[in-house]
Amino acid sequence: MSKTIIVSNRLPIKILKENGKLSYMPSEGGLATGLGSVHEAGDNIWVGWPGLAVGNSDKKKEIKKSLKKQNMWSIFLSTSEIKGFHEGFSNQTLWPNFHYFNQYTVYDEELWKVYQKVNKKFARKLDKIIAPGDTLWIHDYQLLLLPQIIRQHNPKSKIGFFLHIPFPSFESFRLLPWRRELLNGMLGSDFLGFHTYDDMQHFLSSMSRLAGLENKNGKITVDSRLVMVDALPMGIDYDKYAQAAASPDTLAREVRYRTSIGDVKLILSIDRLDYSKGIPQRLRAFESFLDQHPEFVGKVSFFMVVVPSRDTAPKYRQLKQEIDLLVGQINGRFARLNWTPVHYFYRSFPLSALSAFYRMSDVALVTPMRDGMNLVCKEFIASKLDKKGVLILSEMAGASKELSDAILINPNDINQLIDAMHKALVMPENEQVKRMEIMQRLLRKYNIHHWAEIFMEKSRVCQKLSAGIDNKAVGRASNKTDNKSV
């Protein structure tokens, strides 16, 4: 019986090592949630790295055995592979280039070789798993080469690929010395999905200029095989966040937090530590807001959560230091005995705490300099059961294409951001409710389960059309042979 094989850099679990013992916890990420229904159906499996370096062969056997019970196949990476593939080429070369931070891009041939090596390692594992009729669904920028490598070994494979970060314009993508290899790697897929129409168009532009291939309504013929490209914005598990917002634990936390903070309006910011998120720009805008609107001093606080990420890398350490200094500067200038301007937490929180933050906040400030989608803004909307609250959203986030009832801003324009904060804080409740209801209806309908179903359906359509092209090619070859014999 045919199965679907989900392939991603990380498996949808977190393995924790304490006192020499391993414990397994499900990931709370959006991808793990959205693909759970696909993964759990039939004999479907998930292939990926378990998230830690394991040198001990007995530990590897233990992890393999435990994960296979959950229909997961692990790919183990050495410390040097993690450094060169994950921390290196993926996050020091592709990440900054795809997010338009080319001043941070590292061009290193050795990192590229490790990236190729790990993509091939994934392919070797899949060679042992793939059976005729199986469908592969490959995810994200760490595995751009994988579709073509699999195609070379298994020409009839059914392969879908989804990119979860932006695809850059040709002018950025062309800077990469390995641009053609990366592009050809992606074109090994049957169906390619992107978050936005812009990302899709950027890909098609690079494909035309670098591979000389043209498309017709997102359809491309590659070696007598059809490749389809489309934009499919990823949603969230709406019901999960709405239910979490109503849970007793969340309500109890909200009361405790509110009592601690006091009777002030809250502007919420939740991000992973990354230069693409625009965190320092947000802090500078809040400081200027207090300067320009002194009537809000003592009456509004900035509640900022920064989740640790890659903080051993020099760029991220520098970013952390900059954020720390800005928070200290703002609190030093404006704080009073009974009021703190910026509540800053450098840590992760459980869902019940995040839900409480969403519930108690009057404004969500989601202003990345560039983001593939951004799910925080969608989680905020789903958590607003009273429908009161305002979303300020960057035009550079993929979510802005859907959430036009947010206050949309250019994150590079500090004055626009300051004006947006003021507009959000004084917005009448009836307007807040009107905007929130529109966005909630949209997100409830186009949730993450809908996204997964549409991707799988479009993949099946593409495979049928591609089979038709292949049959025609066989027919033409047969006719030529018959004519020659005559």
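The values are calculated or read from the model by the stated rules, or taken from the named source; none is laboratory data. Since this is a predicted model, take the numbers as computed values, not measurements. Backbone-built Cβ (ideal geometry, glycine too); neighbour counts: all protein chains shown.
Structure data summary
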read-out: Residue satisfying all of: in the range 345-361; in contact (Cβ under 8 Å) with a residue 24 or more places away in the chain and not in a helix (DSSP H, G or I); nearest to ASP249 (Cα to Cα) among these; value: PHE349
read-out: Count of the range 444-477 residues which are at pLDDT 70 or above and in a helix (DSSP H, G or I); value: 22
read-out: Residue list for the range 403-427, filter: small (Gly, Ala, Ser) and surrounded by fewer than 17 Cβ atoms within 10 Å (Cβ to Cβ); value: SER404
read-out: Hits in the range 362-387 (condition: in contact with a Leu (Cβ under 9 Å, 6 or more places away or on another chain) and either surrounded by fewer than 22 Cβ atoms within 10 Å (Cβ to Cβ) or at positive phi (or both)); value: ASP362, ASN374
read-out: Every residue from the range 340-354 that is farther than 20 Å from ILE392 by Cβ and surrounded by 16 or more Cβ atoms within 10 Å (Cβ to Cβ); value: THR340, LEU351, SER352, ALA353
read-out: Residues located in the range 153-211, provided they are more than 19 Å from ARG225 (Cα to Cα), in contact with a strand residue (DSSP E or B) (Cβ under 7 Å, 6 or more places away or on another chain) and of a type in the set (A, V, I, L, M); value: LEU163, MET200
read-out: Lone qualifier among ALA364, ALA420 - being assigned to a helix (DSSP H, G or I), at pLDDT 95 or above and assigned by TED's automatic domain parsing to the domain that holds ARG256; value: ALA420
read-out: The range 91-102 residues that are at positive phi, paired with ones that are assigned to a helix (DSSP H, G or I) and of a type in the set (Ser, Thr, Tyr) (beta carbon under 9 Å, 6 or more apart); value: TYR100/SER172; TYR100/SER276
read-out: Complete set of residues in the range 227-285 that are under 17 Å from LEU351 (Cβ atoms) and acidic (Asp, Glu); value: ASP237, ASP239, ASP249, GLU254, ASP271
read-out: Output for the range 67-94, where each listed residue is in contact with a Ser or Thr (Cβ under 8 Å, 6 or more places away or on another chain) and either within 19 Å of PHE173 (Cα to Cα) or not in a helix (DSSP H, G or I) (or both); value: GLN92, THR93
read-out: Residue list for the range 119-158, restricted to those being touching a Lys or Arg at 6+ places or on another chain (Cβ under 9 Å), more than 20 Å from GLY84 (Cβ to Cβ) and polar (S, T, N, Q); value: THR135, SER157
read-out: Strands (runs of 3 or more DSSP E) (entirely within the range 1-43) containing at least 1 residues that are more than 20 Å from LEU143 (Cα to Cα) and either of a type outside the set (Ser, Thr, Tyr) or modelled with pLDDT under 75 (or both); value: 13-18, 21-26
read-out: Given (1) within 21 Å of the chain's Cα centre (by Cα); (2) over 26 Å from SER189 (Cβ atoms); (3) part of a loop (DSSP other than H, G, I, E, B), number of the condition GLY51 does not satisfy; value: (2)
read-out: Neighbours by Cβ (under 7 Å, 6+ apart or cross-chain): first from the range 106-118, without any contact (Cβ under 8 Å) to a residue 40 or more places away in the chain and crowded, with 17+ Cβ neighbours inside 10 Å; second of a type in the set (Phe, Trp, Tyr) and assigned to a helix (DSSP H, G or I); value: LEU111/PHE89; VAL114/PHE85; VAL114/PHE89; TYR115/PHE85; TYR115/PHE89
read-out: Cross-chain or 6+ apart pairs with Cβ under 8 Å, the range 324-336 first and assigned by TED's automatic domain parsing to the domain that holds GLU287, then of a type in the set (Val, Ile, Thr) and part of a strand (DSSP E or B); value: VAL327/VAL342; ILE330/VAL342; ASN331/VAL342
read-out: Residue check, ASP230 surrounded by 16 or more Cβ atoms within 10 Å (Cβ to Cβ) and in contact (Cβ under 8 Å) with a residue 12 or more places away in the chain; value: yes
read-out: Exclusive hit being crowded, with 18+ Cβ neighbours inside 10 Å, within 29 Å of the chain's Cα centre (by Cα) and among the hydrophobic types (A, V, I, L, M, F, W, C), set LEU290, LEU325, LEU268; value: LEU268
read-out: Hey, ARG317 among the basic types (Lys, Arg), surrounded by fewer than 21 Cβ atoms within 10 Å (Cβ to Cβ) and free of Cβ contacts under 8 Å to residues at least 60 places away in the same chain or not; value: yes
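For every residue, the table says whether it meets (1) closer than 19 Å to GLN148 by Cβ; (2) in the same structural domain as LYS158 (by TED's automatic domain parsing).
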{"residue": "SER206", "(1), (2)": "yes, yes"}
{"residue": "LYS216", "(1), (2)": "no, yes"}
{"residue": "ALA246", "(1), (2)": "no, no"}
{"residue": "ARG258", "(1), (2)": "no, no"}
